[in-house]
Amino acid sequence: MKNIVILISGGGSNMVAIVRASQQDAWQQRFGARVAAVVSNKAQAQGLAFAGQHDIATHVLDHKAFATRENFDTTLSEIIDGYRYPGHGVLVALAGFMRILTPGFVARYTGRLVNIHPSLLPAFPGLHTHQRALDAGCKFAGATVHQVTAELDHGPILAQAVVPVLPGDTAAALAARVLTQEHLIYPAAIAKLLQKP
């Protein structure tokens, strides 16, 4: 069994898309994989309720309770590793997890740590991507699924979706259109990873 642990900080709409795809596309039967747990650094994250309703284990790990990022990441990795099956590593999916992970954590899950970012990387890493795309006069925006490396919003690209920037677009309107594509490409990219030995 390959277990997937999803990390969130808020509503977790990409987490919801992954869970629904895993159920609709029978990942357990096809790939021997399931979403085993959802972890949030915020107790009020709305996505935790959805996970609980779908019999997925949930954990809250408040980053403010830790003196250092390293201490937080060590405890986080202990939770994640609790979902390992012998002979299989855990696939960790970042879905709106608003924490910068330490190099040690990233190295621990090399090749098994993925993220989705709301821009066409390498353009606009970091925050406020949609407004930055509008300010730059971009004709297209989009989203990128990538493997996580120690450098923020970098790493091998697994999938991208392109969305046109429309006349009169606001950051919110563009974000909403990009999000619909995120919900399609993220589960698809994870499914492709699960097919690898």
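Worth pointing out:
- Each label point was placed 7 Å from the Cα along the Cα-to-Cβ direction; for residue 24 and residue 195 their separation is 1.8 nm.
- For segment 55-72, putting each phi into the Karplus relation 6.51 cos²θ - 1.76 cosθ + 1.60 with θ = phi - 60° gives couplings of 6, 9, 4, 10, 9, 10, 10, 6, 5, 5, 7, 10, 6, 9, 4, 4, 4, 4 Hz, in residue order, rounded to whole numbers and with x for Gly and Pro.
- Rounded to 0.05, the FRET efficiency of the residue 107 and residue 71 pair, given R0 = 25 Å and the Cβ-Cβ distance, is 0.90.
- Kirkwood Rh, Cα atoms: Rg over Rh of segment 2-194: 0.96
- Set of lysines with alpha-carbon distance to residue 192 below 27 Å, sequence-local pairs under 8 removed: 2
- Relative protection proxy for 47-56, 1-10, from highest mean packing down: 1-10, 47-56 (other beta-carbon atoms within 10 angstrom).
Every number in this text was worked out from the coordinates using simple rules, so none of it is lab data. This is a predicted model, so every value here is computed, not measured. A quick note on method: Cβ atoms are made from the backbone with ideal geometry, for glycine too, and the neighbour counts reach across all protein chains shown.
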